[in-house]
Amino acid sequence: MLDYQVLVHYHNQNEDYLSWNMWQWQEQQMGKEIPFSNFDYFGRSGLITYQSETHLDYGHLIIKNADWSSQTIDYTIRLLPSNLVTEVWILEGDHQVYYSRQAAFTSPFYKYRDLHAFDMAVSYKEFDRHWGYQGSLGAFYQPDQTEFKVWAPTAKTVEVVIYEDAGNQADIRKIIPLKRGQVFSSIHSKNTIGVWQGSIAEDLVGCAYQYRLTFAHEEYLTRDPYSLATSPDGKRTAIVTDQEKNPDGFQVKQGQEAHWRVKNACQAVIYEMHIRDLTQSESSGVAPAYRGTFLGACQTGTTNARGQATAFDHIRNLGVNYVQLQPVSDRHKEYDENGQVTYNWGYDPQNYNAPETSFSSNPTDPAQAIRDLKTMIQGYHDAGIGVILDVVYNHSYSTFDSPFQACVPDYYYRMNLDGSFQNGTGVGSETASEHEMFRKYMIDSLLYWVKEYNVDGFRFDLMGIHDVETMQMIRDELDKVDPQILTYGEGWDMGTGLLPQDKAKKDNAYQLLDIGFFNDTERDAIKGAEVFGTLKAGFVSGQGTENTIAKAILGSGELGSYLMPNQVVNYVEAHDNYNLHDLLVEFHPHDDLETRTKRTELATAMNILMQGLAFIELGQEFSRTKLVATGVDGLVTQADKERAMNSYNAPDQVNQVDWNLLSKHQDSVNFIRQIIQLKTSRKEFSYPSYEEIYQHVYVRQAQTNSGVIIFEVKDSKHYLVIFNASGTSYRLEDPNKLKLVVSNNRGKIEGRLENLTASVFEILE
């Protein structure tokens, strides 16, 4: 039985409460009377509980007097998950349910109405103009003193609570009050009236802290939004020294010194991976203590059962020039019955500037996660590979456990007029990037990762949630450090409250120079798609998408509002939805291994050879699968398919990479390696402007339903590229004038290319 608790605050202007009580009811159940239990600042309050065997979204409530001679309307209450308490404010005469105290205070039916109580949400520009601050925030450690600064303009008091150590159960060491700033200025670097500040003149190394913030009617105990290190569960902010944070050999280099960063973004081949997935399996050959960790991700000399290079060595040998790490910042964690952290991709962030402790070689030491991540990054840099972070600023794990909501209630998230949170992300905690202080937070955080960890780029999760101006400012600030730092993201229109022209979505690419967008149009045309359970086939499965692919070959300039090809991120597989292999199993369940492998090779090669950036997922090149059969006699069940489609919290058996697959697909790996080399080394497949593309690239054949696409690139070298998915072999014209560069054609018939092949030739002049 699930219990959904609701804390009800009730107000009437006459302040006549003694005869009133609550009547709760829910669908298909009898209602019941519940008395109020307390008087409070609003009027009366009481706790009601809705019970259900299944998930419950709504409950119903009436406020009435004892004999029903007077009553309110029937209010419908949106319920939070059963583990949380829903808090609502009801006012006599107001038909609106309020989910925020500040919003309720603005009601015309509130006796002590405050028209400006909800300004931080609905009049944020005025709020920012008065309270905004552009100085430093966080904790600043010195051996003899640590300074604390937190922005909390609506708080009445703020204290910093110091704990004896960074453990979750550590005792309180001391509590000191912070003082509010006194300087008001229109120049926000000087405007301290919303900043609370104080210092402790002693050595706090090894300690942790939280802020205790008191408001007019509530109190919060929370970690620092600017936490750089945390306790193992992320609930307390740990204090670490600069010396603790830096492992031997780690160096930060920008500009020309960062020689691994590509000068032409269109030569980037990005390899997406999850830290745990990469090495969790025994087949990775990684030392047991380092499996699923930062250090495991950079361990050298690892092999599978057949002696083939795995993990870091495999990535280095493959020839990609960037890895993209799925989220590595501290996330909300859940634990199994053995006390082990359960699997999660990490798109439920808690602390944006602190690395995830479960990837550390010693999760109990807050500084170890920092050192391990820096060691890993340095390892990839030494190998000539850049490191991109997948960042999730569009939402937090929750609002109820958020330092943002605790420090400035109702400011950092987009709110509806009733005080509920907007939900463009689908998780109920959509951040407000257009607000000055969350915009500042994003920029501060990104610059910290660049300057402290030497990160080489960022992939923005649900970038369409953010506003255009913020993304433009982010790009400008990163350019000041190094214009070669990559930025790209998911440009989907998520239905957020921003105006259409203000969303950082794919349709607005023309406003976002040097910011890339995942090219789902190209993806769907090549491989088809599985999106929210709906399947549609693509070119490699016999669909007539040749015209779209022809446009993608030319950099997709006709498929969007892109200004430059560096705004186009081509991909056919990512962590979301089915892997390429698994989608092809769904489309072609009767394919033999060779046929399915060739479809995978063709789709991957096509994707990489398109103009624009190239993106592949870990294991795509050797047919990685997440279809783990749990049915009778080894059959794949519907539940198995659903896990493969969305494996964000599936067990390791589903998500971990089986490196023994290399033994079946070494030819595929060799083929994709050669394709990657063309992309990263030859300008003919990576032009930085549409002018150059249209000058040098010519699509010779792309007739709908022909299954054959042919294009030429003529520059310092003259290439002919043929994609064949016609169902039959393709006969070459003038084969004597062609020199084979690379192909997955396995046939021995001279002058013919098999079905499901990608072939690159040099045309001999």
**Q.** Spin-label pair residue 233/residue 180, simplified geometry with 7 Å Cα→Cβ offset, distance in nm
**A.** 3.3
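Considering only DSSP beta bridges with both partners in the chain, what is the antiparallel share in %, to the nearest 5?
Antiparallel bridges make up about 75 percent of those DSSP assigns within the chain.
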Q) Counting Lys and Arg as +1 and Asp and Glu as -1, each charge on the Cβ, what is the dipole of the stretch 2-116 about the Cα centre in debye, to the nearest 20? A) 200
(Q) In whole Hz and in residue order, list the ³J(HN,Hα) couplings for the stretch 695-700 that follow from phi through the Karplus curve 6.51 cos²θ - 1.76 cosθ + 1.60, θ = phi - 60°; x for Gly and Pro. (A) 7, 10, 10, 9, 7, 7
Q: State the answer as a single residue: which of 542, 403, 552 lies farthest towards the positive end of the charge dipole of the chain, with beta carbon charges of +1 for Lys and Arg and -1 for Asp and Glu, about the Cα centre.
A: 552
Q | Spatially proximal aspartates and glutamates relative to residue 598 (Cα-Cα < 16 Å; intrachain offsets below 8 disregarded) | A | 573, 582, 586, 621, 667, 754
(Q) Among 358, 593, 564, which residue has its Cα furthest toward the positive end of the charge dipole of the chain, with +1 on Lys/Arg Cβ and -1 on Asp/Glu Cβ? (A) 564
Q: Provide the per-residue ³J(HN,Hα) series for the stretch 175-182, in order, calculated from phi with Karplus coefficients 6.51, -1.76, 1.60 and θ = phi - 60°, each as a whole number of Hz, with x at glycine and proline positions.
A: 10, 10, x, 9, 10, 6, x, 10
Q: Among DSSP beta bridges lying fully in the stretch 493-635, give the percent that are antiparallel, nearest 5.
A: 45
(Q) Under 5 Å between amide hydrogens, which residues at least 5 positions from residue 395 or on another chain qualify, with H placed 1.01 Å from N in the peptide plane? (A) 431
Q: Step through the table entries 156/245; 125/506; 451/551; 111/156; 505/679, compare each Cα-Cα distance with 32 Å, and write down the pairs that go over it.
A: 156/245; 451/551
Q) Ordered by residue, what ³J(HN,Hα) values in Hz, to whole numbers, does the stretch 334-341 give under the Karplus form 6.51 cos²θ - 1.76 cosθ + 1.60, where θ = phi - 60° and Gly and Pro are x? A) 10, 10, 7, 5, 9, x, 8, 5
Q | Amide H contacts of residue 390 (H built 1.01 Å from N, under 5 Å, at least 5 apart or other chain) | A | 325, 328, 459
Q: Can you tell me how much longer the chain between residue 197 and residue 513 gets when fully stretched, taken as 0.36 nm per residue apart minus their C-alpha distance, in nm with one decimal?
A: 109.9 nm
(Q) I'd like to compare 20-26, 456-462, 511-517: which one has the highest average count of other Cβ atoms within 10 Å, and what's the full order after that? (A) 456-462, 511-517, 20-26
Q) So for the pair residue 16, residue 76, with labels modelled 7 Å out along Cα→Cβ, what separation do we get in nm? A) 3.1
Q) Kirkwood Rh over Cα pairs of the chain into Stokes-Einstein at 25 °C, 0.890 mPa s: D in µm²/s? A) 86
**Q.** Part-to-part distance (alpha-carbon centres) for the stretch 685-757 and the stretch 272-298, which is given in Å
**A.** 38
Q) Put a dot 7 Å past each Cα toward the Cβ at residue 746 and residue 189; how far apart are the dots in nm? A) 6.4
**Q.** Computed [θ] at 222 nm, deg cm²/dmol, the chain (DSSP H ≥ 4; -39,500 (n - 2.57); rounded to nearest 500)
**A.** -6000 deg cm²/dmol
(Q) How big is the dipole moment of the chain about its Cα centre under a simple scheme where the beta carbon of each Lys and Arg is +1, that of each Asp and Glu is -1, and everything else is neutral? Debye, nearest 20, please. (A) 1520
Q. By how many nm would the segment from residue 591 to residue 109 grow when fully extended, if each residue of separation counts as 0.36 nm and the alpha-carbon distance is taken off?
A. 166.7 nm
Q: Name the long-range amide H neighbours of residue 413: under 5 Å, sequence gap of 5 or more, or other chain; modelled H, no Pro or chain starts.
A: 432
Q | C-alpha center-to-center spacing [the stretch 621-661, the stretch 374-424] in angstrom | A | 29
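Let me spell out the model: positive unit charges on the Cβ of Lys and Arg, negative unit charges on the Cβ of Asp and Glu, origin at the Cα centre of the stretch 126-222. What dipole size does that give, in debye rounded to 20?
My answer is approximately 440 debye.
In whole percent, what relative contact order does the stretch 2-116 give with Cα contacts below 8 Å and a gap of six or more residues?
31
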**Q.** FRET efficiency, 1/(1 + (r/R0)^6) with R0 56 Å, evaluated for residue 729 and residue 334 via beta carbons
**A.** 0.60
Q: Output the Kirkwood hydrodynamic radius of the stretch 696-763, Cα pairs only, in Å rounded to one decimal.
A: 12.1
**Q.** Positive-end residue, the stretch 126-222 charge dipole about Cα centroid, Cβ charges, pick of 146, 201, 215
**A.** 215
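Read the figures in this text as sums done on the coordinates, not as results from a lab. This is a predicted model, so every value here is computed, not measured. Positions of Cβ are backbone-derived with ideal geometry, glycine not excepted, and every protein chain shown enters the neighbour counts.
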